[in-house]
Amino acid sequence: MCRHLAYLGPLRDLATLLLDPPHSLLRQSYAPADMRGGGTVNADGFGAGWYPDGARTPIRYRRAVPIWADASFAALARAVRSGAVLAAVRSATVGMPVMETACAPFATGRWLFSHNGVVAGWPDSVAGLASRLPVTELLTLEAPTDSALLWALVRQRLAAGASPGGALGAVTAQVRAAAPGSRLNMLVTDGTELAATAVDHALVVRAGDGGVLVCSEPTDPSFGWEPVPDCHLLTATPSAVDVVPIPATASEER
Ligand code: GLN
């Protein structure tokens, strides 16, 4: 399954966050440690989104090639500094296309979103859920993938006023009810706060020094990483982290 990462905190350049650590996202693209049977490498594209200092709307860079094969990104990543970043490397689920617009982060307005995992029984299992979305949402999905549909479901709740944690928790419960056995590690941020789910997939968090880093796998062997338990929702700002169980049923909580 794909690997993803989100960071909120003091300004850092993208290379020190994504490329330089001993078990960076770059390394996790060809030598991930904890895929739990969901693929072997993450070579079907990658993406990074970041909020320029003081900006509310993110900039996004995505490619449908392995992150190690994009020589331009390494140079760009060294030149870009940000205090809010969401990035991912992709292992396409069998049957889903390899294309730039299927790579996370998905973006709308001030939001960035990523999904690690798979919707079980795709697409039939969630056809009912999808049919409740406005037709325009379905016609403008960025890619014919489970992750793009999850983003449409999450962003509809965000647009209706849900908090990031409320939106992820509710969509997780809905999708697990419709498609049991789904793997649903999702990440969403607006650059000031983030929310992440751990559902049948690895997720760790490290907080300190005025920042928070949430990743599929620890990026270095230092202390301070905390595993996020399965079926839990993490919400965080640069200075606070909260982890709670995900309710079994969808709520309209905001
Ligand atoms: N199912 C999603 C996709 O194909 C995510 C894949 C993954 O987590 N490996 O893009």
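The values are calculated or read from the model by the stated rules, or taken from the named source; none is laboratory data. No experiment lies behind these values; they were computed from the predicted model shown. When we count neighbours, we look across all protein chains shown, and the Cβ atoms used for this are built from the backbone with ideal geometry, even at glycine. Remember, those area values only see protein heavy atoms, side chains included, never the ligands or the DNA or RNA. Shrake-Rupley method; radii C 1.70, N 1.55, O 1.52, S 1.80 Å.
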* Asked: Take the residues of the range 236-251 that are touching a Leu at 6+ places or on another chain (Cβ under 7 Å) and assigned to a loop (DSSP other than H, G, I, E, B): which is least open to solvent (accessible area, probe 1.4 Å)?
  -> I246
* Asked: Would the range 225-235 turn up any residue that is over 19 Å from W151 (Cα atoms), modelled with pLDDT under 95 and open to solvent by less than 60 Å² (accessible area, probe 1.4 Å)?
  -> no
* Structure fact -> Counting only strands (runs of 3 or more DSSP E) wholly inside the range 30-100, the ones holding at least 3 residues that are within 17 Å of the chain's Cα centre (by Cα) and of a type in the set (G, A, S) are 46-50, 81-89
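Please go through the range 133-159 and pick out each residue that is touching a residue at least 24 places away in the same chain (Cβ under 8 Å) and out of contact with any strand residue (DSSP E or B) (no Cβ under 7 Å at 6 or more places or on another chain). Outline the logic, then answer.
If we filter the range 133-159 for residues that are touching a residue at least 24 places away in the same chain (Cβ under 8 Å), which is where we start, we get 142-151, 153-155, 158.
The answer is A143, P144, T145, L149, L153.
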* **Close pairs (6 angstrom Cβ cut-off, 6 or more residues apart or separate chains): open to solvent by 10 Å² or more (accessible area, probe 1.4 Å) in the range 190-204, within 12 Å of the ligand (Cβ to nearest atom) anywhere** => D200/R183
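The rows are residues; the columns are (1) open to solvent by 20 Å² or more (accessible area, probe 1.4 Å); (2) without any contact (Cβ under 8 Å) to a residue 40 or more places away in the chain; (3) away from the ligand (no atom under 12 Å from the Cβ).
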position	(1), (2), (3)
H23	yes, no, yes
D53	yes, no, yes
R63	yes, no, yes
R81	yes, no, yes
V94	yes, yes, no
M99	yes, no, no
F106	no, no, no
S114	no, no, no
* The lone exception for S147 - which of (1) under 22 Å from C2 (Cα atoms); (2) part of a helix (DSSP H, G or I); (3) away from the ligand (no atom under 11 Å from the Cβ) it fails -> (3)
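Could you check the range 206-224 and list, in sequence order, the residues that are open to solvent by 10 Å² or more (accessible area, probe 1.4 Å) and in contact (Cβ under 8 Å) with a residue 24 or more places away in the chain?
Within the range 206-224, the subset open to solvent by 10 Å² or more (accessible area, probe 1.4 Å) is 206-210, 213, 218, 220-224.
Hits for the range 206-224 are A207, D209, G210, L213, P218, D220, P221.
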